[in-house]
Amino acid sequence: MAGSSSSSSSSPSPSAEQALLRAGLALSERPGALRELGALLAAAEPGCLLGSAGPAALAQLAAALVGLAAPPRREQDGAEPPGRDAALAAVAERAERVGAVFLLLLQKLEDARSQQPPSKVLGHAFIFAVTHKDERPWTTARSRAVAQEVLERLVRAAGCGSVEEFLRGKEEDEEGRFGVVMGILKQELTKDTWKRNPASKDVFSWALLRVSRPWLCPHLERVLPPALLLSDDFQEENKVLGVRCLHHIVLNVPGADLCQFNRAQVVFHALYNHLYSREAPLIQAVLLCLLDLLPVLERCQRRQGHGRATSPWDQVLQLVLTHMEAEHRLALRRVYAGTLPAFVTRLGILIVRHLKRLERVILGYLEVSDGPGEEARLGILETLQCTIEHAWPRMPCRLPVLLKALLRLLWDVHTERGPTPEPVRAALLHRATQCLILLDRCCQGQVKVLLAGVHSSCEEDRVRECLRKVQEST
């Protein structure tokens with residue numbers, strides 16, 4: 001009898017476990033089941049919840065809770081179901097009550113300090129919290145507050161100091177819960193399902209962006225396909241999110257792993273196709289990602305025996321310059337001009353392959369003001385400076401054209417009476433002056449000779465000051 005009593009105190013009685021399971025299974029059928037479940041959890045001993053059969057039952061229970069608070073499912077193509085507004089309001093209300101049950105469950109798990117909380121239970125709680133903690137059509141201020149509290153409590157219950165530690169583990173060789181979360185999300189992130197659950201992409205991206213090197217590499221096979229799916233969508237918002245996920249993967253997975261099975265080439269083709277877009281946020285995300293991916297891809301091609309003639313840098317820059325030359329949208333001009341210096345710097349002396357088109361782009365962009373911030377002009381001046389530094393042997397033959405463009409820019413910036421703030425004007429004048437000084441150095445002092453008469457006859461003080469700096473440079 002004594003042994004029987006000891007056994008029953010160390011594990012949940014079958015009736016208690018069955019009651020939990022019955023309450024969990026009835027969540028979608030009986031509204032009162034949630035209240036009944038809360039009462040059962042409140043009365044349960046923390047140690048009993050983690051008995052011999054407890055973890056499996058708790059995982060089923062947590063999954064049922066997440067399903068009860070899930071946003072209304074969409075059609076396969078992402079279309080909203082009828083009666084959307086009423087359904088969203090009902091979800092927010094249920095999420096508050098489900099969150100309260102999760103808080104109770106997590107508190108019990110935290111109190112049972114002698115036993116490790118089941119990872120699947122924590123994974124489901126994480127998915128619930130991330131689904132509801134931010135402003136979304138299916139959340140309210142109250143449901144967001146509850147979800148945030150759930151997230152904080154599950155981190156404590158797991159014995160971690162932060163969400164990042166919860167996902168990746170405390171030490172480099174320790175496995176965190178990111179794999180568990182991705183395992184639960186797996187069915188929601190396929191080609192046929194990811195659009196049906198409007199929260200799946202948010203949970204995936206939010207978790208992914210918090211797992212860094214070296215913890216992300218073991219999960220590469222799980223995270224790369226969903227990121228590519230997002231980037232391949234027709235909606236710009238999803239494309240940008242997918243590209244940001246791809247960028248995070250590129251930054252946090254070793255190049256050797258990216259090169260295996262042509263993964264880097266697949267990502268490159270996905271990004272390259274986006275360069276034909278006309279949306280500035282997407283182009284910016286793509287160009288920033290390419291700047292980090294192209295060195296990896298170049299190393300892959302070098303190991304495979306391909307020469308520089310097939311350099312992906314040249315391929316991308318040629319297309320970018322083609323688009324820049326005909327682009328009239330100021331937002332896109334700013335994005336292109338902001339990333340162009342990095343491409344020139346990376347190619348180095350090999351930028352001479354593109355000098356003809358690059359010169360046309362530089363001259364065209366220097367002529368047109370793009371607003372108070374002058375981001376495009378500042379970016380192009382930095383591009384010109386990088387070009388002079390790396391391709392200086394080719395500058396003397398281009399001196400007449402470049403000198404004329406820079407002098408015209410100095411005059412325009414000084415005489416324009418637009419809304420450009422004074423610090424921006426000063427930055428434009430400074431960068432143009434630096435370009436003139438660099439030109440003079442690589443042209444053996446020809447700029448000083450050509451500017452001698454201009455400097456003596458110029459009556460505008462600010463322009464004279466710029467020309468004086470050029471004349472006095474050594």
Spin-label model distance (nm) - GLN315 vs ASP292, 7 Å beyond Cα toward Cβ:
2.1 nm
Using DSSP loop states and a limit of at most 10 other Cβ atoms within 10 Å to flag chymotrypsin sites (Phe, Trp or Tyr not before Pro), what is the longest stretch of the chain containing no flagged site?
1-233
Going through the cross-link list LYS120/LYS170; LYS120/LYS186; LYS170/LYS201, which pairs have a Cα-Cα distance over 22 Å in this structure?
LYS170/LYS201
How large is the translational diffusion coefficient of region 329-474 in µm² per second when you combine the Kirkwood radius over alpha carbon pairs with Stokes-Einstein at 37 °C and 0.692 mPa s?
213 µm²/s
So what's the angle, to the nearest 10 degrees on a 0 to 90 scale, between helix 263-274 and the longest Cα principal axis of the chain?
60 degrees
Could I have the simple spin-label model distance between LYS170 and LYS191, label points 7 Å from Cα toward Cβ, reported in nm to one decimal?
4.3 nm
Using a 1.4 Å probe over the heavy atoms of the protein chains, calculate the carbon and sulfur portion of the accessible area of the chain as a whole percent.
53 percent
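Taking only protein heavy atoms into account and a 1.4 Å probe, give the accessible area per residue of the chain in Å².
Ligands and nucleic acids excluded, the figure is 47 Å² per residue.
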Rounded to the nearest 10 degrees, what's the angle between the helix 84-111 long axis and the longest principal axis of the chain, both from Cα atoms, 0 to 90?
70 degrees
Mean-position separation - Cα centroids, region 165-232 and region 378-409, in angstrom
46 Å
Residues in region 94-128 that a label on ARG73 would reach, taking backbone N under 18 Å of a point 7 Å out along Cα→Cβ:
128
If you take all C-alpha pairs in the chain, what percent of them are over 44 Å apart?
36 percent
Pairwise FRET efficiency - ILE349 versus ARG299, Cβ, R0 = 25 Å, nearest 0.05
0.80
Could you go through region 160-165 in sequence order and give the Karplus-derived ³J(HN,Hα) for each residue, using 6.51 cos²θ - 1.76 cosθ + 1.60 with θ = phi - 60°, rounded to whole Hz, and x for Gly and Pro?
10, x, 7, 5, 4, 5
Relative to the chain, whose Cα atoms define the longest principal axis, helix 220-231 and its Cα axis are tilted in degrees, nearest 10, by 60 degrees
At R0 = 56 Å, how high is the FRET efficiency between LEU399 and ALA141 if r is their beta carbon distance? Nearest 0.05 is fine.
0.30
Reachable lysines from LYS404, criterion Cα separation under 16 angstrom, eight or more residues apart if same chain:
LYS448
Taking region 358-409 and dividing mean pair separation by its residue count, relative contact order in percent (alpha carbons under 8 Å, at least six apart):
39 percent
Work out, step by step, the length gained on full extension between SER277 and ALA42: first 0.36 nm times the residue separation, then minus their alpha carbon distance; give nm to one decimal.
79.1 nm
Sum of -39500 (n - 2.57) over DSSP H runs of 4+, divided by residues of the chain (222 nm, nearest 500)
-22000 deg cm²/dmol
Spacing of the two label points (7 Å from each Cα toward its C-beta) at ASP134 and ALA256, in nm
3.5 nm
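Give, in nm to one decimal, the length gained when the segment between ARG360 and CYS217 is fully stretched (0.36 nm per residue of separation minus the Cα-Cα distance).
47.2 nm
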Chain lengthening between GLU472 and THR415 when straightened (0.36 nm per residue, less Cα-Cα)
18.1 nm
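The values are calculated or read from the model by the stated rules, or taken from the named source; none is laboratory data. Since the model is a prediction, treat every value here as computed from it, not as a measurement. Every residue, glycine among them, receives a Cβ derived from its backbone with ideal geometry; neighbour counts consider all protein chains shown. When the accessible area is computed, the model is the full protein with side chains, heavy atoms only, and any ligands, DNA or RNA have been set aside. Shrake-Rupley method; radii C 1.70, N 1.55, O 1.52, S 1.80 Å.
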